[in-house]
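The values are calculated or read from the model by the stated rules, or taken from the named source; none is laboratory data. Remember, it's a predicted structure, so these values are computed and weren't measured experimentally. Ideal geometry is used to build each Cβ from the backbone, glycine not excepted, and the neighbour counts take in all protein chains shown. Side chains are part of the model used for accessible areas, which takes the heavy atoms of the whole protein and leaves out ligands, DNA and RNA. Shrake-Rupley method; radii C 1.70, N 1.55, O 1.52, S 1.80 Å.
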Amino acid sequence: MPVVVLHTISVNDILENKGCMFAYMDHEKQKGNPAVNTRLRNHSNVAPIIVKKSSGTEPKSYYKDDEFHVFQKQFDKTMSVVNNHVIGGGTVIMCRESIDNEDFNMEEIKKHSPQAYKHIDKHLNNFMKRHKL
């Protein structure tokens, strides 16, 4: 089944499409900014792809390389859920409004979390290529 990329996703989109999985970037705390994520959190058919420790752009917001195992466990868990949903015939909708948010700027992740960046880059790029996104 398909993987669809939409810029903006509303709560109604999530509620009216229970068979779809909505994927977005998030941080471990899953509270607060970015504002787009407050619409996406706390629904049964969403998959927060954890790429940071907390909101913000301060160095403490990012995983350090010695915390890679914590990051990897969370990231891989969600990517497995997303991949399994697609393999099982479901539709995944990727929220670009969240993914492209400055809170998840890949250059900042690369600067503060080089190992996490490599892992994200490898797995998300493979996912996107596999689904021709």
| task | Among the residues of region 46-67, count how many are open to solvent by less than 10 Å² (accessible area, probe 1.4 Å) and either closer than 23 Å to residue 12 by Cβ or not aliphatic (A, V, I, L, M) (or both). | result | 6
| said: With the requirement that a residue be exposed (fewer than 13 other Cβ atoms within 10 Å of the Cβ) and without any contact (Cβ under 8 Å) to a residue 40 or more places away in the chain, what does region 1-23 give you? | reply: 10, 11, 12, 15, 16, 18
| remark: So, first residue more than 18 Å from residue 78 (Cβ to Cβ) in region 48-66, second residue open to solvent by 20 Å² or more (accessible area, probe 1.4 Å) and outside any helix (DSSP H, G or I), Cβ within less than 8 Å, six or more apart or across chains; the pairs are 56/33; 57/105; 60/53; 60/54; 61/53; 61/54; 61/55
| request: With the condition kept exactly as written, say whether any residue in region 25-39 is within 19 Å of residue 127 (Cα to Cα) and open to solvent by 20 Å² or more (accessible area, probe 1.4 Å). | output: no
| request: Looking at (1) part of a helix (DSSP H, G or I); (2) open to solvent by less than 50 Å² (accessible area, probe 1.4 Å); (3) at pLDDT 95 or above, find the lone condition where residue 118 falls short. | output: (2)
| field | Residues of region 98-113 classified as touching a helix residue (DSSP H, G or I) at 6+ places or on another chain (Cβ under 6 Å) and either open to solvent by 50 Å² or more (accessible area, probe 1.4 Å) or among the small types (Gly, Ala, Ser) (or both), total | value | 2
| Given 86, 70, which one is in contact (Cβ under 8 Å) with a residue 60 or more places away in the chain, part of a helix (DSSP H, G or I) and surrounded by 14 or more Cβ atoms within 10 Å (Cβ to Cβ)? | 86
| When you scan region 1-54 for strands (runs of 3 or more DSSP E) that lie fully inside it, which ones turn up with 2 or more residues that are more than 14 Å from residue 97 (Cβ to Cβ)? | 20-27, 46-52
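Yes/no matrix, rows are residues, columns are (1) within 12 Å of the chain's Cα centre (by Cα); (2) at pLDDT 95 or above:
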{"position": "30", "(1), (2)": "yes, no"}
{"position": "40", "(1), (2)": "yes, no"}
{"position": "45", "(1), (2)": "no, yes"}
{"position": "57", "(1), (2)": "no, no"}
{"position": "76", "(1), (2)": "yes, yes"}
| region 99-115: number of residues that are within 21 Å of residue 70 (Cβ to Cβ), assigned to a helix (DSSP H, G or I) and not β-branched (Val, Ile, Thr) | 9
